[in-house]
Amino acid sequence: MTLPSIASLLRPSQYFTVRGGVHPETRKNLSSESAIEDMPIPSLLRIPLQQHIGAEAEPMVKRDDHVLKGQLIGKARGPVSANIHAPTSGRVIAVGHFAAPHPSALPVPTITIRPDGEDTWGPRLPRLRPENATPEEIAAQVAEAGIVGMGGATFPAAVKLNLRARYDLHTLVINGAECEPYLTCDDRLMRERAEDIYDGIGIMARALGVRQIVVAIESNKPQAIAAMQQFDRALGIPSRVQVVPTQYPMGSEKHLVKTITGRETPARALTADLGVVVHNAGTAHAVHLAVRYGEPLISRVVTVSGRGVKRPANVRVLIGTPVAEVLEHCGGLVEDPDRLLLGGPMMGQPIQNRRVPVVKGTSGILALTAAETPDRDTMPCIRCGRCAQGCPVGLTPFELNARIQSGDLEGAVKIGLLDCLTCGCCSFACPSNIPLVQTIHYAKGKLAEEEGRRHQQEEAKRLAAARKAREEAAAEAKRQMMAKRKAEMAAKKKREAEAAARAASAETPPDQAPTSQPQTAQAESTRDGGATQ
Amino acid sequence: MTAPMLASGPHTHTRFTVSRTMLTVSVALAPATLFGLYQFGWPAIFLFLVTVISAWVFEVACLWIAGKPIGPFARDGSAILTGWLVAMTLPPYAPWWVGMLGAGIAIIIAKHMFGGLGQNLFNPAMVARAMLLVALPVHMTTWVPPVGILDGPDIWQALAITFAGSQEYDVVSSASTLSHMKSQLGAGATMSEIMPGLADLEARMIGLVPGSLGETSTGLLLLGGLLLVGMRIITPVIPLAVLGTIAGLAALTSFVAPDRYAPPILHLTAGSTMLCAFFIATDYVTSPVTAAGKLIYGVAIGALVFVIRTWGAFPEGVAFAVLLMNACTPLIETYVRPRVFGRTRTGKPLPVKKSKSPRGEKK
């Protein structure tokens with residue numbers, strides 16, 4: 001153990017933590033010492049077309065197609081979307097629906113591939129020399145490779161790399177905090193692939209045009225810190241590792257930026273408004289592979305942990321591998337777990353169906369035993385204030401809960417419902433075990449539903465009004481047409497009557513009859529001219 | 001394949017629970033209580049048991065009448081703690097029905113009529129104390145000197161004192177520090193004349209003075225209070241605010257007129273100042289939740305305690321001060337809220353500076 005240097009003493013962020021926050025038992029030692037291992041190709045891959053925030057990808061293959069490793073099978077649709085590639089070579093056995101890796105297990109569009117075991121690469125993406133490439137080329141390559149935020153938010157990375165056009169960016173923050181308990185995939189990746197990650201960081205920094213790079217790592221990962229500290233610049237851009245306190249939710253983008261720069265991102269704004277962009281360490285590694293080697297995002301490191309797993313490990317898994325096969329690879333389950341989660345224990349999602357696939361945002365598969373997830377009776381709120389003390393946003397969750405329970409959603413919005421990160425600190429800290437986050441999720445869903453309904457109503461009203469206007473315009477046009485026709489008819493009748501009268505009154509030479517025609521044509525043309533002027 | 005129950009996150013939880021919190025508070029109260037019980041002997045022990053047990057019985061009865069699940073609530077320890085705190089404020093030789101009445105007022109009127117655990121507006125123990133003090137001024141101000149369990153009445157005499165209202169045991173009735181001071185000051189004596197007649201600082205710290213059953217040992221209460229702060233059961237805001245305000249006002253007044261006002265150290269070590277600062281005012285249910293709210297609440301309680309003691313009709317003002325501020329808690333909660341991340345105090349988003357195009361996506 002070394003003494004802190006003077007310089008580190010002068011860096012207050014190592015001592016001043018984010019407001020609120022909690023300190024759950026990290027239990028990272030279960031898997032932190034297992035090196036990343038490659039999992040063999042599974043028997044089946046189920047690749048959902050929606051693994052990212054934004055629009056669902058469009059399938060590019062059909063049943064019985066033979067695909068090669070890295071082949072584009074789902075094409076990004078719209079500006080916020082991501083490409084999806086075949087993780088290995090094999091035959092497409094279905095393009096249909098399968099249960100989502102989500103508590104609901106609702107069927108989502110999924111491409112199912114039976115690997116042929118050859119693992120034959122198709123044509124890779126063209127390699128790029130980031131030193132010579134323009135920012136646009138780098139972003140395009142990242143988009144082509146289907147890279148999304150690997151921390152779990154799964155926001156398409158290329159969209160974030162293009163923020164340069166709209167914001168004056170100066171700092172790239174690499175989020176290596178990994179504040180969720182149990183998860184060690186970023187930790188291991190930083191320890192084992194520090195150089196690759198730094199290369200990826202440099203590429204992203206070039207694409208963003210930033211002047212400095214800060215790699216933020218929680219103080220409970222000394223080896224990762226040491227590994228990342230070997231580099232002080234990435235592609236010529238100065239970089240430093242900043243140790244941040246071990247505290248949940250340190251990895252929250254806005255809180256990390258606050259810890260590092262001391263500046264608070266305004267509500268409803270982006271960190272880019274402060275000139276800061278945050279990317280995950282795992283994303284940097286994926287960018288490195290995509291740009292240097294032309295490899296799309298077809299696998300990721302997943303932490304398999306929890307006391308319910310026989311052999312906790314960090315495994316590089318092909319996207320689409322069924323959870324059950326990953327668990328099997330890790331020796332199976334010791335006992336029937338109390339909860340099976342995708343992601344960390346604070347914000348992770350419980351799943352029921354073990355055949356659901358690992359997707360791009362799956363950072364962990366946790367099999368928690370009953371001892372690890374104590375399930376207690378809910379008691380009434382005793383207003384102890386632990387939820388308010390723990391809230392990193394400065395909300396009063398007990399009040400939100402009371403208002404939501406009594407159906408006062410507007411009142412809940414007034415005291416900050418929409419500012420909630422749903423990080424779970426309040427529920428974690430509640431001595432009465434009140435499901436505060438669940439209530440907040442419910443309220444947010446309800447609000448979205450109401451919003452949607454209101455939007456729909458307004459849209460229907462707008463369409464009805466437009467239709468009415470259209471119909472009125474058509475009726476008006478018709479009326480005018482009728483009037484015009486009537487006028488013409490009247491004129492014609494008049495002419496005919498005149499002609500008849502003339503014919504009747506005198507012997508008219510037949511060649512005089514057509515003279516009236518050019519006259520009316522002339523009159524009409526002058527009227528038209530008057531209208532257009 | 002079994003279907004594990006689907007529960008919302010987080011899937012890990014702190015070890016703090018309601019009953020654990022109540023248990024810790026009980027542990028923190030125990031040294032002062034045990035010492036008080038030892039000092040005042042068997043009648044105090046009987047009274048304590050009667051109060052605590054009747055509080056628990058009332059709790060169960062109320063739960064049963066209200067149709068609430070009895071099991072988890074009866075085991076959470078909150079009723080026992082309430083009864084305990086009521087007992088702490090009673091004179092040691094008070095008859096059994098005073099303890100039972102106090103427990104009944106606290107549990108039935110102050111707690112369950114408002115809706116049970118977590119719903120009460122006023123601190124149950126203080127409601128009981130205030131009502132008893134007004135209704136039974138003689139019983140509630142009959143103090144006895146602490147002579148120790150061995151030199152006091154034996155078990156049979158004690159049973160007679162507590163349960164039969166016996167006056168046979170010859171007890172030297174004496175005044176508590178604050179009431180003695182109050183009556184002397186009222187009679188026109190100066191502080192310098194009164195001070196020699198009061199128990200010295202050491203006696204007050206250890207608890208060798210007449211007073212309520214459990215609130216005489218300032219030192220042990222302070223110890224328990226520090227334990228609560230150390231265990232993170234309470235934040236130090238309210239205790240510091242209460243004690244600081246009392247000490248500050250006392251220092252100011254005794255500096256201006258040393259003969260008419262008691263010095264700060266007397267205020268801090270006499271009466272139930274310590275019990276109030278660490279155990280009563282910090283009651284979760286009836287105090288504000290935010291730190292700023294707690295500060296206002298604590299300062300106001302301290303000021304009210306000082307004002308009632310100095311200029312009011314009662315020698316001790318803790319119960320009234322706490323009850324008055326309990327009534328203000330909803331108001332404080334409404335106006336004093338933490339600032340939301342990324343927003344100003346008024347709830348507007350922080351101003352956005354420096355961006356290439358103001359026509360971006362932001363609103």
Can you find, within the stretch B:327-352, the residue that is nearest to the chain's Cα centre (by Cα) among those that are more than 12 Å from chain A (Cβ to nearest Cβ) and touching a residue at least 40 places away in the same chain (Cβ under 8 Å)? B:Ala327
From A:Ala99, A:Ala165, A:Ala153, which residue is at pLDDT below 90 and in contact with a Lys or Arg (Cβ under 8 Å, 6 or more places away or on another chain)? A:Ala165
Report the residue count in the stretch B:91-129 for those that are touching a residue at least 24 places away in the same chain (Cβ under 8 Å) and within 14 Å of chain A (Cβ to nearest Cβ). 11
Of everything in the stretch A:36-57, what is surrounded by 16 or more Cβ atoms within 10 Å (Cβ to Cβ) and either more than 16 Å from A:Val108 (Cα to Cα) or of a type in the set (Asp, Glu) (or both)? Give them in sequence order. A:Ile36, A:Met39, A:Ile41, A:Pro42, A:Leu44, A:Glu56
Which condition number does B:Ala251 fail, the rest of (1) in contact (Cβ under 8 Å) with a residue 24 or more places away in the chain; (2) part of a helix (DSSP H, G or I) being met? (1)
Residue check for A:Leu368: closer than 30 Å to A:Val323 by Cα, at pLDDT 90 or above and not aromatic (Phe, Trp, Tyr): yes
Just one listed residue, out of A:Val142, A:Val148, A:Val173, is farther than 27 Å from A:Thr26 by Cα and among the β-branched types (Val, Ile, Thr), and it is A:Val142
Of all residues in the stretch A:354-371 being more than 7 Å from chain B (Cβ to nearest Cβ) and out of contact with any helix residue (DSSP H, G or I) (no Cβ under 8 Å at 6 or more places or on another chain), the one that is surrounded by the most Cβ atoms within 10 Å (Cβ to Cβ): A:Leu366
Among the residues in the stretch B:28-41, are any within 14 Å of chain A (Cβ to nearest Cβ) and either of a type outside the set (Asp, Glu) or part of a loop (DSSP other than H, G, I, E, B) (or both)? no
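Quick grid of which residues meet (1) within 14 Å of chain A (Cβ to nearest Cβ); (2) surrounded by 24 or more Cβ atoms within 10 Å (Cβ to Cβ):
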| site | (1), (2) |
| --- | --- |
| B:Ser19 | yes, no |
| B:Ala44 | no, yes |
| B:Ile53 | no, no |
| B:Met88 | no, yes |
I'd like the full set of residues that are of a type in the set (Asp, Glu) and at the interface with chain B (Cβ under 9 Å from one of its Cβ atoms), limited to the stretch A:381-427. A:Glu399, A:Asp419
Quick one: how many residues across the stretch A:131-151 are of a type in the set (Gly, Ala, Ser) and buried (at least 23 other Cβ atoms within 10 Å of the Cβ)? 5
Residue count, the stretch A:313-371, condition small (Gly, Ala, Ser) and more than 23 Å from the chain's Cα centre (by Cα), comes to 7
Go over the candidates B:Phe48, B:Phe58 one by one and state the one that is over 20 Å from the mean Cα position of the chain (by Cα) and buried (at least 19 other Cβ atoms within 10 Å of the Cβ). B:Phe58
State whether the residues of the stretch A:171-179 include one that is part of a helix (DSSP H, G or I), under 22 Å from the mean Cα position of the chain (by Cα) and either closer than 28 Å to A:Pro87 by Cβ or at pLDDT 95 or above (or both). no
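One line per residue, one yes/no per condition, for (1) buried (at least 20 other Cβ atoms within 10 Å of the Cβ); (2) out of contact with any His (no Cβ under 7 Å at 6 or more places or on another chain); (3) within 24 Å of A:Pro126 (Cα to Cα):
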residue	(1), (2), (3)
A:Ile213	yes, yes, no
A:Ser219	no, yes, no
A:Arg240	no, yes, no
A:Gly262	no, yes, no
A:Leu270	yes, yes, no
A:Val277	yes, yes, no
A:Ala281	yes, yes, yes
A:Ala290	yes, yes, yes
A:Ser299	yes, yes, yes
Regarding the stretch B:151-170, can at least one residue be identified that is in a loop (DSSP other than H, G, I, E, B) and among the aliphatic types (A, V, I, L, M)? no
For A:Arg263: the one exception among (1) among the charged types (D, E, K, R); (2) under 18 Å from A:Glu180 (Cα atoms); (3) in a loop (DSSP other than H, G, I, E, B): (2)
Out of all the residues in the stretch A:334-353, which are at pLDDT 90 or above and facing chain B (nearest Cβ under 7 Å)? A:Leu340, A:Leu341, A:Pro345, A:Met346, A:Met347, A:Gly348, A:Pro350
For B:Gly83, are the conditions met, namely being over 30 Å from B:Trp156 (Cα atoms) and either buried (at least 16 other Cβ atoms within 10 Å of the Cβ) or away from chain A (no Cβ under 11 Å) (or both)? no
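Condition check ((1) closer than 27 Å to A:Gly146 by Cβ; (2) at pLDDT 95 or above) across all residues:
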residue: A:Asn220; (1), (2): no, no
residue: A:Arg233; (1), (2): no, no
residue: A:Val243; (1), (2): no, no
residue: A:Met250; (1), (2): no, no
residue: A:Val257; (1), (2): yes, no
residue: A:Leu270; (1), (2): yes, no
residue: A:Leu318; (1), (2): yes, yes
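Here is a yes/no grid of residues against (1) under 30 Å from A:Pro380 (Cβ atoms); (2) touching a helix residue (DSSP H, G or I) at 6+ places or on another chain (Cβ under 6 Å):
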{"position": "B:Ala106", "(1), (2)": "yes, yes"}
{"position": "B:Asn120", "(1), (2)": "yes, yes"}
{"position": "B:Pro146", "(1), (2)": "no, yes"}
{"position": "B:Ile155", "(1), (2)": "no, yes"}
{"position": "B:Thr162", "(1), (2)": "no, yes"}
{"position": "B:Gly165", "(1), (2)": "no, no"}
{"position": "B:Lys182", "(1), (2)": "no, no"}
{"position": "B:Leu185", "(1), (2)": "no, no"}
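Hey, could you check the stretch A:174-213 for residues that are touching a Lys or Arg at 6+ places or on another chain (Cβ under 6 Å) and closer than 20 Å to A:Val243 by Cβ and say which is farthest from the other protein chains (Cβ to nearest Cβ)?
So the residue we want is A:Asp187.
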Filter result for B:Ser183 (loosely packed, with under 15 Cβ neighbours inside 10 Å and hydroxyl-bearing (Ser, Thr, Tyr)): yes
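The values are calculated or read from the model by the stated rules, or taken from the named source; none is laboratory data. What you see is a predicted model; the values in this text were computed from it and never measured. Positions of Cβ are backbone-derived with ideal geometry, glycine not excepted, and every protein chain shown enters the neighbour counts.
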